[in-house]
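Q: To start, I am sharing the structure in question, which I have written as structure tokens.
The values are calculated or read from the model by the stated rules, or taken from the named source; none is laboratory data. Everything quoted here is computed from the prediction, not taken from an experiment. Neighbour counts are summed over all protein chains in view; Cβ atoms, including those assigned to glycine, are modelled from backbone coordinates with ideal geometry.
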Amino acid sequence: MPLTFDAKLGEVRHDWTKQQVTELMALPFNDLLFKSQMVHRANFDPNEVQVSTLLSIKTGACPEDCKYCPQSGHYNTGLAKEKLMQVEAVLKKAAEAKAKGSSRFCMGAAWKHPSDKDLPYVLEMVKGVKELGLETCMTLGMLRDDQADALADAGLDYYNHNLDTSPDFYDKIITTRSYQDRLDTLQHVRDAGMKICSGGIIGMGEREKDRMGLLAQLANLPQQPESVPINMLVKVEGTPLANVEDIDPFDFVRCIAVARIMMPASHVRLSAGREEMSDEMQAMCFMAGANSIFYGECLLTTPNPEAHEDMQLFKRLGLRPEQRIEKSDEEQEAVLSKAIAQDQEAKNPLFYDATQADAIASVQH
Ligand code: SF4
């Protein structure tokens, strides 16, 4: 069935209706992927993927009750809790990540919101990572406007704060903060002049209309997020969603494709859940328009495919890490080739372990 609306696909729009999203989602799979691939090609190099490293700077004991999250203090998941890392230790990790090819360094803390006591340390981290020449991103929970201003002044480029799901399904997943709280934080981030990283999680038992509701919320924000992480639920023993039914992988790919079409200029990120995806499914996600990943052994506290495997997959698919630093493709390729060679020699993980063994999962905030 052809689309009944004639909006030029590839246009950034903020007036997506439920009907239009439903029509996109209902397209035959090949038609949907064809459209999303065309939109992708019109806006990005289709063979480039932005690569970020993620570090948990404070792990576990979070007062929020997000039902998917092993870091919530409401559930017993056996996760080792850790206090806020020292600034120097964070900068060391960032330098290692840069040396191994990362262009963006994301720091996540399991907080409801940053406290006034902790914020100065966080600001030092931002300044230090920035001085290393990396893009900076943080996810610290809710922000007041003055906190957002302070982070922006310190040089923070991106703030991650996910909407998680549709407004309708939201209270089945989180009760300790409201949807409006999340929207308010995103507004503070925008008002402070920072870029937004915001997405959600697929596979929490939501209906298809909730997935569409999430994508419509994100696309219809006054300014679309520059980065849109689409996570596939990682089921963690001890959380209330440990036994939820698996999502059909094609439904996940559909979400990526629809996100690409609705947010044509945003980076759509494959985030948590990649370790459960086959190479073929990841390749299909890249074809559908995903163009950003995290690497490192773990994604905050849930396992992430080893970076080595990521780079092998990149090679097999002819993908390249997106450049940020003013380096030529040749220079960047040389850095990556050297890292792969060293990895093979040392039988060590290729890229810096963003998790420090037991420290890392997907903070969705
Ligand atoms: S997702 Fe973030 S806010 Fe929610 S429990 Fe986990 S760490 Fe806390």
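Q: Within 26 Å of ALA148 (Cα to Cα) and part of a helix (DSSP H, G or I), is that true of LEU55?
A: The answer is no for LEU55.
Q: List pairs: first residue in segment 60-87 and over 21 Å from LYS117 (Cα atoms) and of a type in the set (A, V, I, L, M, F, W, C), second residue modelled with pLDDT of 85 or more and near the ligand (Cβ under 10 Å from one of its atoms) anywhere in the structure, Cβ distance under 6 angstrom, at least six positions apart or on different chains.
A: Hits for this filter: CYS66/SER72; CYS66/ILE174; LEU79/PRO70.
Q: Okay, next question. Taking segment 90-113 as the region of interest, how many residues are within 16 Å of the ligand (Cβ to nearest atom) and in a strand (DSSP E or B)?
A: Matching residues across segment 90-113 total 4.
Q: Quick check, is MET25 more than 16 Å from the ligand (Cβ to nearest atom), buried (at least 23 other Cβ atoms within 10 Å of the Cβ) and modelled with pLDDT of 90 or more?
A: So MET25 fails the test.
Q: Please state which one of ASP184, ASP118 is within 25 Å of ALA61 (Cβ to Cβ), of a type in the set (D, E, K, R) and modelled with pLDDT of 95 or more.
A: ASP184
Q: Is it true that LEU156 is out of contact with any Ser or Thr (no Cβ under 8 Å at 6 or more places or on another chain), more than 16 Å from the ligand (Cβ to nearest atom) and more than 30 Å from MET212 (Cα to Cα)?
A: no
Q: Spot the failing condition for LYS83; the list is (1) among the charged types (D, E, K, R); (2) under 24 Å from PHE286 (Cβ atoms); (3) touching a strand residue (DSSP E or B) at 6+ places or on another chain (Cβ under 8 Å), and only one is missed.
A: Here LYS83 meets the rest and fails (2).
Q: Being touching a Gly at 6+ places or on another chain (Cβ under 8 Å), in contact (Cβ under 8 Å) with a residue 40 or more places away in the chain and surrounded by fewer than 24 Cβ atoms within 10 Å (Cβ to Cβ) is the requirement here; does GLU226 meet it?
A: No, not satisfied.
Q: Looking at (1) closer than 20 Å to HIS267 by Cβ; (2) assigned to a helix (DSSP H, G or I), find the lone condition where GLN224 falls short.
A: (2)
Q: So which residues in segment 159-191 are more than 16 Å from the ligand (Cβ to nearest atom) and in a loop (DSSP other than H, G, I, E, B)?
A: Result: SER166, PRO167, ASP168.
Q: Tell me whether segment 29-50 contains one or more residues that are of a type outside the set (Val, Ile, Thr), within 23 Å of LEU218 (Cβ to Cβ), within 16 Å of the ligand (Cβ to nearest atom) and under 23 Å from the mean Cα position of the chain (by Cα).
A: Checking segment 29-50: not a single residue is of a type outside the set (Val, Ile, Thr), within 23 Å of LEU218 (Cβ to Cβ), within 16 Å of the ligand (Cβ to nearest atom) and under 23 Å from the mean Cα position of the chain (by Cα).
Q: Residue under question is MET85, and the condition is that it be within 16 Å of the ligand (Cβ to nearest atom), at negative phi and modelled with pLDDT of 85 or more; does it hold?
A: yes
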